[in-house]
Every structure is written in structure tokens, then in C-alpha cells.
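Let me begin by presenting the structure, written as C-alpha cells, before commenting on it.
Please treat every number below as a calculation from the coordinates, not as lab data. Just so it is clear, the structure is predicted and the values come from calculations on it, not from any experiment. Counting neighbours? That spans all protein chains shown, and the Cβs are built from the backbone with ideal geometry, glycine included.
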């Protein structure tokens, strides 16, 4: 049993955190949560949540719920979009750097597949590739760590994609905040 908990400890911690956030959001309306945290602190909280893995595979639901809750509770959705988006960009940049550092090389079948994907991408003009990247990161709820891995694996340079990472983070956070603000009357 202890070996099982050690092996799957990170999964259990994510599940417990999701459960705690769900219970908190169910028990208290957004305006009470923002009143308790404070409007100014909700911007800082959005930045910290985003920077510490806001749109990763496991924590994106916490980030989306927090931003929507802060917005529904009275925080300015545009400022939430800016602070949360910059936090996402910082977190994604760190993930990009870690993948770049840890990605020494892929051998065998994976190398051939990545080379095939890279050749297909090279057929399109760079503005089209960057626009699709902006849509994927800025509009879809796809976890950004997967996209960061692919960007590193396909040989994209950070300075070329950094503006897109920043703009996409601000976009997805602003959309989430605006949705959170707009559903306030329906649920709370």
C-alpha cells in the first residue's frame, strides 16, 4: 500500500487539490471568495497559479476555475487576462527551457516521425504556422506543456515563439475571465 502511494503520490495530490478546489467553489459563491482573498490579491493569485503550471496537463482545470471565479466575484476580467496571461507565458517559458535542456536527442522511429512533421510544417509560410500556434495556445483548452514539448522537438527557437506564447496566454485567460463574468447571473 505504501509503495502504491509513493508510486502514484503526485496523481493523488492533484486529485486531492482538484477535490478541495471543487468543494471550495461549490460551498462558497465567487463574490465571497474574492471578498475573502481581496480583488487586488486575486490578480496576484491568478499570476501565481498560472506561473506555477497554470495550463499544464494536470492543473489547467484549477487555473480555469480560479480565473472564472475571480472574474465572477468582481475582479476586472481584462486585468485578470493580463496578469494570468503573463503568468502562463512565464510558466510556459520555463517549461520550454526545461524541455530544451532535457531534450538531448530522440533516436529511432521518433526521430523519423518528428522529421516528417517538421518537413510538413516547413511547407507552410511562417505566418500561417504562427497563426495556427496562436489558435492552439490561445483558444483551445489543450495543455500547453504538450505544445511546448512539440515546439522544442520540432526545433522552434524560443525568441521566435515567445511573442505568440505571451499573446496566447493573455488571450486564453481573458476569454476565461470574460466567460466567468458572463455566467455570474446564471449560476450565482
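Points worth noting:
- Separation between Cα centres of the range 111-155 and the range 169-183, rounded to whole Å: 24
- Sequence of 78, 110 once ranked by neighbouring C-beta atoms within 10 Å, starting from the fewest: 110, 78
- Ascending count of other beta-carbon atoms within 10 Å, so fewest first, for 113, 100, 157: 157, 113, 100
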